[in-house]
């Protein structure tokens, strides 16, 4: 195969809840994490190819890079649609061939017919065929994944083309797919209903690669549901990670996404703590039972949601919650009820979004049949946009949504949640503390921006002194949460100002 120069480009992500744009400024980072999919494809490409990586979220896409490249490889999600379109247009102006894949291009491939080579679905099985076709001079326009690939054959991402100093955490993946089938979720459409897993040895090799690359700090498992294949996670993966982490003196802290039924398994929670997990994103969605049934969130139906959350927290794990407003069965009382639920739960990081009908989901198909769809989703369920006609009425829903956000992220309520959570939070204390100069930098900036300039300054100082005298070993955690609150308020203020 001839030598080819490839530029891997990650499109711009707009300001989002999870982007932590305003929080990252406290530690002088540009973005949360690099794109795992692109780096995996980079590892699958021939070693002799010239490879460069540009993340538009951290660096400018200069024309000299487009002049250098023979091909541009691009991947992204729906919320990166506008940036991806701009990049593709620039590539065409420079005569650079474009290869595109990922959720955006899988779902909306008809809108990107000007892309030279499109990959629909996961690419482990189709990318080798593309390489063979390219070598023979007959690459196809579209490569369809006819089946879900065996990810035990997926290579270690090509970390070395990334500037790690620009990111706050790294991502790896253990499994794809989810055993549940919530009607608003595109996971099973994209990755299947049966979770597929890598081997424990693969994960250790990926962690070892990150470690040898010099990474220290947060690592996020991007799995759709980390405990989707609970037997393998308990029997092999977590004990293996725990052993490796102990040998390496705990260089990483882990976070991931999973389902609330974790609370039913004490052994699993203990194993996660031993392996180094600290925070977990859980899709709680709503405290209203009829809305849970409506969206087929059956794993949460008939469960005491508050008790499950408290159970996980008491094991030393932080629960980050996902909540949704706009279900057909939501009563008008849901706004007050949800705000009270979040406040009483001690969930500090509460992502409250509006219901979004993503193309290809069962929700989308139902609303289309009911003639209730309005437009494409922005891909961001917290930006106050709606792509369907809600049953409770637009004005009622948007007004209620605004009230929930204004309540839970007001300084008084937010800082109260931090204190309530930290009163009962008991993380493991036997592990070495890895101090970095950026932690001191973040602390100093928090004093200036939150303690003297921000409207939360009184709440900030109360939290600091409370933590210093009551929970001194949790002072760094308290400061981190205060910084998160600054980001959440700034982000939602941008969204809410557009509401009429």
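The value given for segment 278-317 is a Kirkwood hydrodynamic radius of 10.9 Å, derived from the mean inverse Cα-Cα separation. Of the beta bridges in the chain, as assigned by DSSP with both residues counted there, near 5 percent are antiparallel. Counting only alpha carbon atoms, the long axis of helix 437-448 and the longest principal axis of the chain meet at about 50°. Ranked from largest, the principal axis spans of the Cα set of segment 437-496 equal 36, 25, 18 Å. For segment 131-227, what class follows from the C-alpha gyration tensor (a ≥ b ≥ c being the square roots of its eigenvalues): rounded when a/c is under 1.5, otherwise prolate if a/b is larger than b/c, else oblate? It is oblate, given that a/c is not under 1.5 and a/b is not larger than b/c. Put in order of Cβ neighbour count within 10 Å, fewest first, the listed residues 311, 295 become 311, 295. In a solvent-free Debye calculation with one equal scatterer on each Cα, what is log10 I(q)/I(0) for segment 94-142 at q = 0.30 Å⁻¹, listed in the order of the q values? Calculated log10 I(q)/I(0) at the listed q: -1.18. Once the Cα atoms are used to define both axes, helix 305-314 deviates from the longest principal axis of the chain by about 90 degrees. The packing ranking, built from the mean of other Cβ atoms within 10 Å per residue, places the peptides 355-366, 70-81 in the order 70-81, 355-366, highest first. Could you work out the Kirkwood radius for the chain, taking every pair of different alpha carbons, averaging 1/r and inverting it, reported in Å? In the chain this quantity evaluates to 23.9 Å. If the Kirkwood radius is taken over C-alpha pairs of segment 168-408, then at 4 °C and 1.567 mPa s the Stokes-Einstein diffusion coefficient equals 68 µm²/s.
For segment 393-499, just say rounded, prolate or oblate: build the C-alpha gyration tensor, square-root its eigenvalues into a ≥ b ≥ c, call rounded for a/c under 1.5, and beyond that prolate if a/b exceeds b/c, oblate if not. Verdict is prolate for segment 393-499. Computed over the chain, the per-residue total of -39500 (n - 2.57) for DSSP H runs of n ≥ 4 gives a 222 nm mean residue ellipticity of -12000 deg cm²/dmol, rounded to 500.
Provide the percentage of antiparallel DSSP beta bridges, counting only those with both residues in segment 168-408; round to the nearest 5. Antiparallel: roughly 10 percent of the beta bridges in segment 168-408.
In the chain, the longest principal axis of the Cα atoms and the axis of helix 238-247 are about 90 degrees apart. Among 134-140, 42-48, sorting by the average number of other beta carbon atoms lying within 10 angstrom of each residue, highest first, gives 42-48, 134-140. In terms of overall dimensions, the C-alpha atoms belonging to segment 170-303 reach 49, 30, 24 Å along their principal axes, ordered largest to smallest. Neighbour counting of Cβ atoms within 10 Å sorts the residues 117, 243, 141, fewest neighbours leading, into 141, 243, 117. Taking the empirical scaling 2.2 N^0.38 Å for compact globular proteins as reference, segment 5-144 has a Cα radius of gyration ratio of 1.04. By the count of other C-beta atoms within 10 Å, a proxy for reagent exposure, 9, 347 are ordered fewest to most as 347, 9.
Highest mean packing comes first when the peptides 101-108, 144-151 are listed by Cβ atoms within 10 Å, giving 101-108, 144-151.
Apply the a/c threshold of 1.5 to the C-alpha gyration tensor of segment 157-197 and tell me whether it is rounded, prolate or oblate. Prolate shape, in that a/c is at least 1.5 and a/b is the bigger ratio. A convex hull fitted around the alpha carbon atoms of segment 213-289 yields 103 Å³ per residue.
Bear in mind these aren't lab numbers, they're just calculated from the coordinates by the rules spelled out. Remember, it's a predicted structure, so these values are computed and weren't measured experimentally. Here Cβ is always computed from backbone atoms with ideal geometry, including for glycine, and neighbour counts include all displayed protein chains.
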